[in-house]
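Some notes on the structure that comes next.
The values are calculated or read from the model by the stated rules, or taken from the named source; none is laboratory data. This is a predicted model, so every value here is computed, not measured. With ideal geometry, Cβ positions are generated from the backbone for all residues, glycine too; neighbour counts draw on all protein chains shown. Only protein heavy atoms, including side chains, enter the accessible area calculation; ligands, DNA and RNA are left aside. Shrake-Rupley method; radii C 1.70, N 1.55, O 1.52, S 1.80 Å.
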Amino acid sequence: MILAAGRGERMRPLTDTLPKPLLRAGGKALIEYHLENLARAGFINVVINHAHLGQMIEAALGDGTRYGVTLHYSHEPVALETAGGIAKALPILEDKPGNTQGTQEECPFLVINADIYCELDFTSLLPVMRQMQSSADTNLAHLVLVDNPVHHPEGDFSLDSDRVTLPGKNNLTFSGIGIYRPSFFKDVAPGSAARLALLLHQAIATGKVGGQYYRGAWVDVGTPERLRLIDLQLSRVAVHPAHGIGGS
C-alpha cells in the first residue's frame, strides 16, 4: 500500500493544484519511483489511498499496467490519517493475494509513504514478510529506520538488534516504510481517523515491533526546497545512471 492521501500543507502552493505524490523530481512523479521499485521486487497488487485531488492520481497512474503492477484505489472523502487510511483499505488489501506466498489467513503487507524518495531494494523485505506470515507469534509490525535528517534530529525510535524500542539515547527516524499484520489495526474503526504513532508506541511497549536500519539514499520530500534538491540530484543521476543519489 502507498499512502497518498495527505494534503501536503508544507508543499503549498504546489499542492493547491496537484496532489503531493504527483510532484515531479528527476522527470518522474514521486509515486512512480515507488511503483517501479515495487514491480522490480515482484509485488503485483498495490493499493493507493487518496483524498485531496485524488482523482488526479487515478487519472495519472491508471490501472498500473505500464509500471508492471495492478493498482487498486481507496478513496477517502476526508483524509483519515495514516492508521485510519490503512484500516479503511484493509478489505482491499486482504482481498488481493500475490505479494507474499503462503496460505494463512492473515497476510502481512508493505506500506510506503508516497512523499519519500528511497532506494531500498524491496526484495530485502520479502523474507521478513514471509516470516511474519508463517508464524502467528512474530511481530505485529516491522519498521525500516534511517539516520535522522537535519529537520528531524531527535528521531523517532531506537533499534536494539532487530527490535524497535521506545526513544532512547541513540534514536533513528522512521522512514515511512513498514510491514504490518492486518490485526495491528483491529482497534481502528473503518472510516475513522487514527494516527499510526499511537498504535506503534503501544505495540513497541509490548515488544511486538521488529525493525532494521537502512543506510542508503532516503529523503523525506516534505518541502519545496527538499523537492528542488532531490530533483537536482535525480537529474544528475539521469546523466550518470550507474549511480543512485547515494552513490559517488
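Values as computed for the structure displayed
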| item | result |
| --- | --- |
| Pairwise label distance in nanometres, Ser124 with Gln55, each label 7 Å out on the Cα-Cβ vector | 4.1 |
| Dipole-positive endmost among Tyr213, Leu22, Phe43 within the chain (Cβ charges, Cα centre) | Leu22 |
| Value of relative contact order over the chain, rounded to a whole percent, pairs C-alpha under 8 Å and six or more apart | 24 |
| Distance in nm between pseudo-label sites at Ser183 and Ile92 (7 Å out along the Cβ direction from Cα) | 2.5 |
| 5 angstrom amide H check on Gly211, placed H, neighbours 5+ away | Leu143, Arg163, Val164 |
| List Val47, Val128, ordered by accessible area with a 1.4 Å probe, largest first | Val128, Val47 |
| Estimated FRET transfer efficiency when R0 is 41 angstrom, pair Thr138-Thr17 (beta carbons, to 0.05) | 0.40 |
| Order of exposure, largest accessible area first, which applies to Thr123, Thr17, Thr138 with probe 1.4 Å | Thr17, Thr123, Thr138 |
| Helix-derived mean residue ellipticity, 222 nm - over the chain, DSSP H n ≥ 4, -39500 (n - 2.57), to 500 | -8000 deg cm²/dmol |
| Accessible carbon and sulfur surface of the stretch 7-158 relative to its total accessible area, %, 1.4 Å | 52 |
| Computed E for Asp63/Val150 - FRET, C-beta separation, R0 35 angstrom, nearest 0.05 | 0.35 |
| Residues of the chain: accessible area per residue with a 1.4 Å probe, Å² | 47 |
| Förster radius 30 Å - calculated FRET efficiency between Glu106 and Arg40, Cβ distance, rounded to 0.05 | 0.70 |
| Inter-centroid distance (Cα atoms) of the stretch 191-214 relative to the stretch 35-49, Å | 23 |
